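Have a look at the structure below, then the notes.
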Amino acid sequence: PEETVTSSFASFIQAIRPEHLSKTVRHRSKRMILDSIGVGLVGSTTHVFDIALQYCRELYSSVAVSSVYGKPGIKLSPTLAAFTNGVATHSMDFDDTWHPATHPSGAVLPALLAASQMLPPSTKPSGIDFLLAFNVGLEVQGRLMHFSTEAHDIPKRFHPPSVVGTMGSAAATAKLLSLSTAQCAHALGIAASLAGAPMANAATQAKPLHIGNATRLGFEAALLAARGMEANPLILDDIPGCSGFSAFYSVYQPKTLSTPSDHHEFLLETQDIAFKRFPAHLGMHWVVDAALSVRNLFINYAGSFSPSLIRTIVLKIPVSKYINRPFPSSEHQARHSFQFNACTALLDGEVGLSSFTESSIHRQELRELLDKVVVEHPEDNAANFDKMYGEVALLLHSGDVLTGKCDTFYGHWRKPLSKESLLKKFRSNASHVLPEEKIETIITMVDNLENLSDSSQL
């Protein structure tokens, strides 16, 4: 039969093998896995996670075999464990971000962890099987995002991981479960019918559900396909008059994915990931680094940081309505506010977990700084995580102007976190729920994932 885009993706999922993973891809994906686990562990301490966990425990508890982040005494059915852990991963907006824009790990890893525990002892996937399935989930997300130029910019209509993440979870789980080529195609088709979430729920407690649903529903799509459910075999193709995956994009130009032979170059080989240093929307990292830069200039100028000397704070940022929030009133709004993060960095000299507490958000001195903020949108500042910049200018009462600018923050794919910085972040996050010896065990296990005989140990 003639090859289609959908059939090529299904063939890729079925045919890809561990030997196709290069040293670079293994290294980068293991960094992602470690970071995502740490983010999920600290995320298990949040209120929105507690809501999701209580919902799942009350819903039903049959086949409770899969673990929950930060809760050693609790197990859930596999898909609900994936959902709950997905919510934990995005509960603080602390998870990794790729380009084109999405959060790839949180949509895939929780499903694979839960599925590993679901499978019987005789068919437990090895560490290298797990690593391969994880990279399949990343690859499908990345390829789908490259089908439309819209995906390169900061989103406006739907949250990307709720769409491509669901497809990535379906592909990764299908690979881990060793589904046939036809079943892989049906898993993608079913997942497309379960995908999507509007951007209007950004900066609310509902946004973490986008990741929880992506990983859970993609998992469920693979399970349904394994049980014989069928879907449109052309779901990824551009069929005039009958939208499949193209329903999510006004511009959609799909391409086939080559079946791997002796070699396959994963997108992760050429496009690294961004890791966040503090728990907020990725765009905030540009203005925070710019604010820290100008803060240092101000201290050299005045001897200390004295807000009374500042007349106006000018932020030069890209146009993006959902992260332009002058006076956020909740932690989730604060994580999506250029103004809040810039002023917090100016006032405190850092942004961290404690910056988003109720008491920090409503400080009088912070409110006074927010009152001084003026936002500008330069034409050359694209709403694109690969091209944007953040600039913070302090206009002083003396007439002097101090300016800090950041076009690549530390943690961006062009300026990756060092191994030491990534481990420091993981240890800090995991320490909220795990003792030191277990933290070090996870680090060692992820570092040697290829040699793990049973991935459910993770």
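The values are calculated or read from the model by the stated rules, or taken from the named source; none is laboratory data. Model, not experiment: these values are computed from the prediction. Reconstructed Cβ throughout: ideal geometry from the backbone, glycine too, with neighbour counts over all protein chains shown. When the accessible area is computed, the model is the full protein with side chains, heavy atoms only, and any ligands, DNA or RNA have been set aside. Shrake-Rupley method; radii C 1.70, N 1.55, O 1.52, S 1.80 Å.
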Among residues of the stretch 41-65, those that are open to solvent by 20 Å² or more (accessible area, probe 1.4 Å), at pLDDT 90 or above and of a type in the set (Ser, Thr, Tyr), counted: 1
Taking residue 280 as meeting all but one of (1) open to solvent by 60 Å² or more (accessible area, probe 1.4 Å); (2) within 22 Å of the chain's Cα centre (by Cα), write down the number of the exception. (1)
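Does residue 153 meet the test of being out of contact with any strand residue (DSSP E or B) (no Cβ under 6 Å at 6 or more places or on another chain), open to solvent by 10 Å² or more (accessible area, probe 1.4 Å) and under 30 Å from residue 284 (Cα atoms)?
Details: out of contact with any strand residue (DSSP E or B) (no Cβ under 6 Å at 6 or more places or on another chain): yes; open to solvent by 10 Å² or more (accessible area, probe 1.4 Å): yes; under 30 Å from residue 284 (Cα atoms): yes.
Yes: the conditions hold for residue 153.
One line per residue, one yes/no per condition, for (1) closer than 13 Å to residue 165 by Cα; (2) surrounded by fewer than 24 Cβ atoms within 10 Å (Cβ to Cβ); (3) free of Cβ contacts under 8 Å to residues at least 60 places away in the same chain:
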position	(1), (2), (3)
67	no, yes, yes
107	yes, no, no
113	no, no, no
122	no, yes, yes
128	no, yes, no
Scan of the stretch 334-391 for residues that are in contact with a helix residue (DSSP H, G or I) (Cβ under 8 Å, 6 or more places away or on another chain), in a helix (DSSP H, G or I), touching a residue at least 24 places away in the same chain (Cβ under 8 Å) and open to solvent by 30 Å² or more (accessible area, probe 1.4 Å), ordered by number: 347, 353, 358, 365, 368
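State the number of residues belonging to the stretch 294-316 that are surrounded by 19 or more Cβ atoms within 10 Å (Cβ to Cβ) and touching a strand residue (DSSP E or B) at 6+ places or on another chain (Cβ under 6 Å). Can you show your working first?
From the stretch 294-316, those surrounded by 19 or more Cβ atoms within 10 Å (Cβ to Cβ) are 294-295, 298, 310, 313, 315-316; that's our starting set.
Pick out the ones that are also touching a strand residue (DSSP E or B) at 6+ places or on another chain (Cβ under 6 Å) and you get 294, 298, 310, 313, 315-316.
Of the residues in that region, 6 qualify.
Here's the yes/no breakdown for (1) over 23 Å from residue 36 (Cα atoms); (2) among the hydrophobic types (A, V, I, L, M, F, W, C); (3) in the same structural domain as residue 315 (by the TED database):
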| residue | (1), (2), (3) |
| --- | --- |
| 257 | yes, yes, no |
| 264 | yes, no, no |
| 267 | no, yes, no |
| 286 | no, yes, yes |
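Return the only residue of 319, 294 being in contact (Cβ under 8 Å) with a residue 12 or more places away in the chain, aliphatic (A, V, I, L, M) and touching a His at 6+ places or on another chain (Cβ under 6 Å).
Values: 294 fails: touching a His at 6+ places or on another chain (Cβ under 6 Å).
Residue meeting the stated conditions: 319.
Identify the residue in the stretch 70-105 that is of a type in the set (Gly, Ala, Ser) and surrounded by fewer than 21 Cβ atoms within 10 Å (Cβ to Cβ) and, among all such residues, is nearest to residue 383 (Cα to Cα).
In the first step, residues of the stretch 70-105 are kept if they are of a type in the set (Gly, Ala, Ser); the result is 70, 73, 77, 81-82, 86, 88, 91, 101, 105.
Pick out the ones that are also surrounded by fewer than 21 Cβ atoms within 10 Å (Cβ to Cβ) and you get 73, 77.
Values: 73: 44, 77: 40 Å.
Step by step, filter the stretch 70-105, then rank; the result is 77.
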Considering the stretch 409-424, residues that are of a type outside the set (Gly, Ala, Ser) and open to solvent by less than 20 Å² (accessible area, probe 1.4 Å), and then whichever is nearest to residue 345 (Cα to Cα), we arrive at 409
Failed criterion for residue 26 (all others in (1) in a helix (DSSP H, G or I); (2) modelled with pLDDT of 95 or more; (3) out of contact with any Phe, Trp or Tyr (no Cβ under 8 Å at 6 or more places or on another chain); (4) under 26 Å from residue 163 (Cβ atoms) hold): (4)
Given the conditions (1) open to solvent by less than 50 Å² (accessible area, probe 1.4 Å); (2) of a type in the set (D, E, K, R); (3) assigned to a loop (DSSP other than H, G, I, E, B), report the number of the one that residue 220 does not fulfil. (3)
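So which residues in the stretch 425-439 are outside any loop (DSSP other than H, G, I, E, B) and either open to solvent by less than 70 Å² (accessible area, probe 1.4 Å) or more than 17 Å from residue 95 (Cα to Cα) (or both)? Spell out how you get there, then give the answer.
Of all residues in the stretch 425-439, those outside any loop (DSSP other than H, G, I, E, B) come to 425-430, 436-439.
The answer is 425, 426, 428, 429, 430, 436, 437, 438, 439.
Does residue 404 satisfy the condition of being open to solvent by less than 30 Å² (accessible area, probe 1.4 Å) and either more than 30 Å from residue 347 (Cβ to Cβ) or outside any loop (DSSP other than H, G, I, E, B) (or both)? Spell out the reasoning first.
Working: open to solvent by less than 30 Å² (accessible area, probe 1.4 Å): yes; either more than 30 Å from residue 347 (Cβ to Cβ) or outside any loop (DSSP other than H, G, I, E, B) (or both): yes.
The answer is yes for residue 404.
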Can you find a residue that is under 24 Å from the mean Cα position of the chain (by Cα), modelled with pLDDT under 95 and part of a helix (DSSP H, G or I) anywhere in the stretch 152-172? yes
Within the stretch 306-332, can you find the residues that are farther than 14 Å from residue 368 by Cα and either of a type in the set (A, V, I, L, M) or touching a helix residue (DSSP H, G or I) at 6+ places or on another chain (Cβ under 8 Å) (or both)? 314, 315, 317, 319, 322, 323, 324, 325, 329, 330, 331, 332
